[in-house]
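> Please read through the structure below; I'll follow up with questions.
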Amino acid sequence: MERARILAVGTSHPPDRYSQQDILDRFRVANPHVRDLFGASHIDGRYLVLPEADEQGRPTETQAQLLAKHRRWSLRLGAEAIEACLAKAGLQAADIDYLCCVSSTGFMLPGLTAMYVKHLGFRVDCHRVDILGMGCNAGLNGLNPTVSWAQANPGRNALMVCCEVNSALYVYDDTVNTGVVNSLFGDGCAAVLVRAHELDEPSFAPRVLGFQSHLIPEAWDAMMYIWDESQGKFSFQLARDVPYVLGLNADIPVRALLGRHGLKVRDIGHWLVHSGGKKVIDAIKYTVGITAHDVRHTTGVLRDMGNLGSGSFLFSFQRLLDERVVRRGDYAVMMTMGPGSTVETALLRW
């Protein structure tokens, strides 16, 4: 059976980009420890949908307004990313047979898939699945069933959309815990088109060869979305040891994935890693045994856009494609990390 291939990817982000200093100034952040976090993040700027601040520099968004912002910008960013992706393949929304939407930055019922069908021209008989609340690793958790559906339905078009409006879950206070989150995440959306040809047609699009997951139960509470009673909002919490937990375990799914295909780390020409933060990236480089050049797209996305959540690895994938350095026969590993704590991997070959 012909493996499903990634035929196209499209990305989008809000129009306004802010430097780290812009954000500190806008919300009058005074805590020196929080200011240090912003300066040490290795992020030059991020695209965000920021609220206006009151006279004390505090935003006034309620939880209801944050949820409305997620819904509004998920529609706008989703439309832009989907159009960019499908245009590369000469398709329209009505040509899509399966739609998977991933998001962890705002609860919706009905979900994003229903909203996109209503507003963006998808057929009403399109097969749908919404993946909600899995966090930054969820892009590969969504790509897995999308690829499986495509392989079970050769010749039909499957689309996955990762849409994260991280500014819709920000809580602004003067604590270090909040400062870690506010210094890291940006807003962005990515769409990826997958299809398994009915025949083994020649194509340069990469085949998806397999997936491998690894859950770290002892670090279950290292990344959590909780209700902050003092703020009257949901708040995302990150433990300080997250980079080390993920780094120490990253090679487990990588070696299992490569081992199934008779490969070693040295056989992989391209690495597309989630832009989870500099410490996370450094820990993975060390544990897996890859170089700064291998993760140049990951660090570039982090520098230019911050951590974009579930779609981050697709922004790196787009940058790799734009380089035009991939050759037929090259292997690539995709890797995402997030709550659970979880490391997800996928193997591609051109």
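> Would you mind putting 105-113, 189-197 in packing order, based on average other-beta-carbon counts within 10 Å, highest first? Mind dumping the intermediate values first?
Values: 105-113: 18.1, 189-197: 26.2.
Top to bottom by mean Cβ count within 10 Å: 189-197, 105-113.
> Length gain on complete extension for the stretch ALA30 to PHE204, per 0.36 nm per residue less the alpha carbon to alpha carbon distance? Could you put the intermediate results ahead of the total?
Working: separation 174, 0.36 × 174 = 62.64 nm, distance 5.20 nm.
The span from ALA30 to PHE204 would gain 57.4 nm if fully extended.
> Rounded to two decimals, what ratio of Rg to Rh does segment 207-349 give with C-alpha atoms and a Kirkwood Rh? Each step should come with its number before you reach the end.
Details: Rg = 15.6 Å, Rh = 15.7 Å.
We get a ratio of 1.00 for segment 207-349.
> How long, wide and thick is segment 141-282, going by the Cα atoms along their three principal axes, in whole angstroms, largest first?
Between the extreme Cα coordinates on each principal axis of segment 141-282 lie 58, 32, 24 Å.
> Turning to a different aspect of this structure: Between ALA152, THR175, PRO253, whose Cα lies farthest towards the positive end of the dipole of the chain when Lys and Arg beta carbons carry +1 and Asp and Glu beta carbons carry -1, centred on the Cα centre?
So the residue we want is ALA152.
> Here is a follow-up. When we measure straight from the Cα of LYS118, which aspartates and glutamates land under 16 angstrom away, once same-chain ones fewer than 8 places off are left out?
GLU80, GLU83, ASP95, ASP97, ASP130
> On to the next question. Residue by residue through segment 287-293, which ³J(HN,Hα) values in whole Hz follow from phi under the Karplus form 6.51 cos²θ - 1.76 cosθ + 1.60 (θ = phi - 60°), with glycine and proline marked x?
Running phi through 6.51 cos²θ - 1.76 cosθ + 1.60 with θ = phi - 60° gives 6, 6, x, 10, 9, 4, 5 Hz.
> So what's the gap between the Cα centers of segment 1-45 and segment 174-199, to the nearest angstrom?
Comparing the Cα centres of segment 1-45 and segment 174-199, I get a distance of 10 Å.
> Using the 4.7 Å Cβ rule, please list in number order the cysteines from the chain without any candidate partner.
CYS85, CYS100, CYS101, CYS126, CYS136, CYS162
> Once phi is turned into θ = phi - 60°, what whole-Hz ³J(HN,Hα) does the Karplus curve with 6.51, -1.76 and 1.60 give for every residue of segment 128-142, x standing for Gly and Pro?
Once θ is set to phi - 60°, the couplings for segment 128-142 become 9, 8, 10, 10, 10, x, 8, x, 5, 6, 5, x, 6, 5, x Hz.
> Further question on the same structure: What is the distance, in nm, between label points placed 7 Å from the Cα along the Cα-to-Cβ direction at LEU248 and at ASP44?
Those two pseudo-labels are separated by 3.5 nm.
> Straight-line reach only, C-alpha to C-alpha below 21 angstrom: list the lysines that LYS278 could link to, leaving out same-chain residues fewer than 8 apart.
none
> Output the peptides 59-67, 301-309 sorted from most to least packed, where packing is the average of other Cβ atoms within 10 Å over each peptide's residues.
Details: 59-67: 15.2, 301-309: 25.6.
Averaged packing, sorted descending, gives the order 301-309, 59-67.
> Would you list, by chain and number, the lysines whose Cα falls below 16 Å from the Cα of LYS69, excluding same-chain residues fewer than 8 positions away?
LYS233
> Could you work out how much longer the chain between ASP322 and ALA256 gets when fully extended? Use 0.36 nm per residue separation minus the Cα distance between them, nm to one decimal.
Numbers: separation 66, 0.36 × 66 = 23.76 nm, distance 2.95 nm.
Using 0.36 nm per residue and subtracting the Cα-Cα distance, I get 20.8 nm.
> Once amide H atoms are built 1.01 Å from N in the peptide plane, which residues 5 or more positions from ASP228, or in another chain, come under 5 Å H to H?
Residues meeting the amide H criterion: LYS233, PHE234, SER235.
> Could I ask something else about it? Return the ratio Rg/(2.2 N^0.38 Å) for segment 5-195, where Rg is computed over Cα atoms only. Don't skip to the end; give the middle numbers.
On the way: Rg = 18.1 Å, N = 191, 2.2 N^0.38 = 16.2 Å.
In units of the 2.2 N^0.38 Å rule of thumb, it is 1.12.
> Take the alpha carbon atoms of the chain, find their radius of gyration, then divide it by 2.2 N^0.38 Å using N residues; give the quotient. Don't skip to the answer; put the middle values down first.
Numbers: Rg = 19.5 Å, N = 350, 2.2 N^0.38 = 20.4 Å.
Normalised Rg, Cα atoms only: 0.96.
FYI, it's all coordinate maths here, none of it is from the lab. All figures in this text were calculated on a predicted structure; none of them were measured in a lab. Because the Cβ atoms are built from the backbone with ideal geometry, glycine has one as well, and the counts that use them run over all protein chains shown.
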